[in-house]
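This report concerns only the one structure given below.
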Amino acid sequence: MLLPRPSAFPLPPIPATLAVAAAAWWIMAGGLSLAGLTPLVGAAALALAMRHLLIQLDAPQPDRATALVFLLPCVLLGPYDSIWGAACVMALAAALGRHHPAMLVWFGLAVGLDLQAAFLAPFFVALIINRRLPLKLWLIAPAVAAETMLVGWHPSDLATLYRMGIEQPLSFNAPNLWTIAQALPLGVPLLGLAIAAAIGTSAAYIASFSARRLGDRTLMNAALLASLVSAGLLPGMHANAFFLADILALALALVWRDTASWTIAILIQAGSVLAWLGALSDVPALAMMGGVAMLVATFRLGRALLKPAANDNPHLMRAIT
């Protein structure tokens, strides 16, 4: 006898989401003197969001798989990233269910909590164009992000981020291309190249995925690719830049359960761990090794998504979506 499929809890309405945004950021800012609880609250929120996403994707044994979230190196080493990561996961779950207003609220919340969530911006822009959403919905994410920032951000925070980013080294032990490039004796400034590469690649990504059929598998793999490309090409990144890629890669490996997905997930986890080890031990070579792992993972995922056979063979197209 088949067991009933566990039900996914419904997405909360917009007013409730905004209330959670304000409360979460206030706690993170120390307004309630509960900052010590923030890592636990964040990990729990991320686990619940992952459970919801796995149920949306019909993953086997979603409750057991969710427990792996608490063992992820990125969650253990970067606990304050879990809250905005949970909001991103919920935005993707809403995208799967075509709950577009809720999707944009969750994404705006994530960006308001941490600007790293904007790594998914090319994905959501492509999806909005692909699904021809009305223009009135486009403003939801910026409005929610602005409201969330007003609750917990201060102008000095943004100035600090700028100084720590593009005014200083091109990469802060992030496992990306620029960690490798800045260690080479090239003798040329790379900041302009890094910004141009990030903008150009994002534009090409949006153009490609805004015009393609996006089934569940293609949609989720495209989201993972967006997080990898953004963190891999933007300057001023830190060791935790691939936090979102870490959790999405694990989720997709648990859902698809094939060799390709597990290989990509392992490469991404290894890249992040090496970057953290390089940052903690002040050994840049470890971050460079992590960058190689991330580049290989990005190449493998991008090749699988963009190869011509995916468009030419309808049977293969149905299989990968």
Enumerated helices (runs of 4 or more DSSP H) restricted to the stretch 51-160, each holding at least 3 residues that are touching a residue at least 12 places away in the same chain (Cβ under 8 Å) and surrounded by 16 or more Cβ atoms within 10 Å (Cβ to Cβ): 62-66, 73-77, 82-96, 100-113, 121-130, 140-152
Residues of the stretch 250-298 satisfying the condition of being under 10 Å from CYS74 (Cβ atoms) and under 13 Å from the mean Cα position of the chain (by Cα): LEU250, ILE268
task: Consider only pairs whose beta carbons are under 8 Å apart and that are at least six residues apart or on different chains; among these, list those whose first residue lies in the stretch 248-261 and is crowded, with 23+ Cβ neighbours inside 10 Å and whose second residue is modelled with pLDDT of 90 or more and not in a helix (DSSP H, G or I).
output: ALA251/LEU57
task: Can you confirm whether the stretch 210-221 contains a residue that is in a helix (DSSP H, G or I), touching a Phe, Trp or Tyr at 6+ places or on another chain (Cβ under 8 Å), buried (at least 17 other Cβ atoms within 10 Å of the Cβ) and not charged (D, E, K, R)?
output: no
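The values are calculated or read from the model by the stated rules, or taken from the named source; none is laboratory data. The model shown is predicted, which means the values in this text are computed figures rather than measured ones. All Cβ positions, even for glycine, are placed from backbone atoms using ideal geometry, and neighbour counts span all protein chains on display.
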